[in-house]
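One structure is given here, and the rest of the page talks about it.
Just so it is clear, none of the values below were taken in a lab; they were calculated from the coordinates. Keep in mind that what you see is a predicted model, and the values were worked out from it rather than measured. Every residue, glycine as well, gets a Cβ built from its backbone with ideal geometry; the counts of neighbours run over all protein chains shown.
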Amino acid sequence: MLDDCCKVYATGYGAGGRLGVGGTDSLASPSLLESIQHVLIKKLAVNSGGKHCLALSAEGEVFSWGEGEDGKLGHGNRKFVSLVDLSVYRSLAHLYEEDTVIFSM
């Protein structure tokens, strides 16, 4: 979930690293994604099955985490990512205008 200050929180079933907080434990209450807490997140997209997530920053950086099967995280591999890594992102600034972003998941 995304709060009013553009901070990302995760809660729920943690298998496959889908929560992005590190590890695969499930969380009963919301937990801040500390690794991107200093990044201004504008949009958040969660796969309909909840297995992976994407976050778009105000700078056009895209962060992804969760189950990476079929390369769906965009990291060039099929690995699961349980902690959002700031060194792994794709600049997609050209894909959005103003506040509208469309992610196909």
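Just one of the listed residues (20, 68) is crowded, with 21+ Cβ neighbours inside 10 Å and either of a type in the set (Phe, Trp, Tyr) or under 10 Å from the mean Cα position of the chain (by Cα) (or both), and it is 20. Of all residues in the stretch 1-13, count the ones that are more than 15 Å from residue 61 (Cβ to Cβ), over 12 Å from the mean Cα position of the chain (by Cα), in contact (Cβ under 8 Å) with a residue 24 or more places away in the chain and not in a strand (DSSP E or B). Of the residues in the stretch 1-13, 1 are more than 15 Å from residue 61 (Cβ to Cβ), over 12 Å from the mean Cα position of the chain (by Cα), in contact (Cβ under 8 Å) with a residue 24 or more places away in the chain and not in a strand (DSSP E or B).
Yes/no matrix, rows are residues, columns are (1) of a type in the set (Gly, Ala, Ser); (2) over 14 Å from residue 17 (Cα atoms):
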{"site": "43", "(1), (2)": "no, yes"}
{"site": "51", "(1), (2)": "no, no"}
{"site": "59", "(1), (2)": "no, yes"}
{"site": "64", "(1), (2)": "yes, no"}
{"site": "68", "(1), (2)": "yes, no"}
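For the stretch 14-33, a residue qualifies if it is in contact with a strand residue (DSSP E or B) (Cβ under 9 Å, 6 or more places away or on another chain), among the hydrophobic types (A, V, I, L, M, F, W, C) and not in a strand (DSSP E or B), and the qualifying residues are 19, 33.
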